[in-house]
1. I'd like the orientation of helix 68-78 relative to the chain: the angle between its Cα long axis and the longest Cα principal axis, in ° from 0 to 90, rounded to 10.
2. Based on the alpha-carbon set only, what is the convex hull volume of the chain divided per residue, in Å³?
3. Name all residues of the stretch 44-74 having a backbone nitrogen under 14 Å from the label point set 7 Å from the Cα of His104 along its Cα→Cβ direction, giving them as ranges.
4. Relative to the present Cα-Cα distance, how much length would full extension add between Glu95 and Thr162 at 0.36 nm per residue of separation?
5. From Cα pairs below 8 angstrom and at least 6 apart in sequence, can you work out the relative contact order of the stretch 71-213, rounded to a whole percent?
6. Take every DSSP beta bridge whose two residues both sit in the stretch 1-126, then give the antiparallel share in percent to the nearest 5.
7. Counting heavy atoms of the protein chains only and a 1.4 Å probe, report the per residue accessible area for the stretch 48-189 as a whole number of Å².
8. Would you mind calculating the gained length between Ser199 and Thr28 on full extension (0.36 nm times residue separation, minus the Cα-Cα distance), in nm to one decimal?
Amino acid sequence: VNALSSDPRVYGFDISWSRLAYAREWLTERVSTPVTLATGDMFQIPCVDNATEIVFTSHAVEPNGGFEVDILSELYRVAGRYLFLFEPDYAAATEAGKRRMEHHGYCQDLPGVARSLDMNVVHHAVLECNTNPLNPTALTVIEKSTSAFQPPSDSIWACPHTHVPLQEGFGSMYGESLLAYPIVGGFPCLCPENAIIASKYGMYAAGRIPGSN
């Protein structure tokens with residue numbers, strides 16, 4: 001991310017809080033660009049629509065064979081202009097590689113699935129360098145038809161159930177969805193199951209409910 005220009009805003013999420021903790025340490029040591037992290041589920045991404053100009057995955061879709069439509073639809077929803085997928089290419093694998101992918105339930109034919117969803121696949125190619133010859137990685141680039149991308153003025157985080165924007169306050173993320181999400185160790189916990197029913201949380205965070213200060 002250090003190579004990005006124009007003071008980019010970079011976000012990342014993972015279903016595991018522990019992975020975020022390791023990622024934060026790694027980023028602090030190696031990357032000068034600030035990266036905002038939260039827990040999240042790829043099937044219900046905790047972001048507003050058209051949240052960020054580029055959405056990038058690296059072997060994240062991989063183990064979700066059979067759910068390609070659901071995941072691509074969610075990734076496409078939050079992408080503002082481009083979706084970059086660094087994921088396994090079943091067609092390019094050897095017979096042994098295909099058997100391995102089938103055994104592990106890996107995704108297959110992401111470009112074909114994307115086209116079936118009327119997505120504009122502008123590039124697909126297998127990478128020349130692969131760490132595991134049984135699991136060849138390809139780059140698939142999908143361009144979204146958003147004519148003029150405008151990044152959200154505030155945070156991109158949203159309720160994973162409703163996609164309503166969230167704001168931080170009183171140790172949690174909350175919004176008009178009537179749900180609140182705790183912040184643990186500096187990471188907003190935005191997986192769907194982390195939701196707390198809190199219809200008056202905004203008033204409480206603002207100190208307008210007795211006993212909230």
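1. The two axes meet at around 50 degrees.
2. 146 Å³
3. Counting only backbone N, you get 58-65.
4. Here the answer is 19.9 nm.
5. 18 percent
6. The antiparallel proportion sits near 10 percent.
7. 50 Å²
8. 57.9 nm
The values are calculated or read from the model by the stated rules, or taken from the named source; none is laboratory data. Computed from a predicted model, the values in this text were never measured in an experiment. Because the Cβ atoms are built from the backbone with ideal geometry, glycine has one as well, and the counts that use them run over all protein chains shown. Quick note on the areas: whole protein, heavy atoms, side chains included, nothing else; ligands and nucleic acids left out. Shrake-Rupley method; radii C 1.70, N 1.55, O 1.52, S 1.80 Å.
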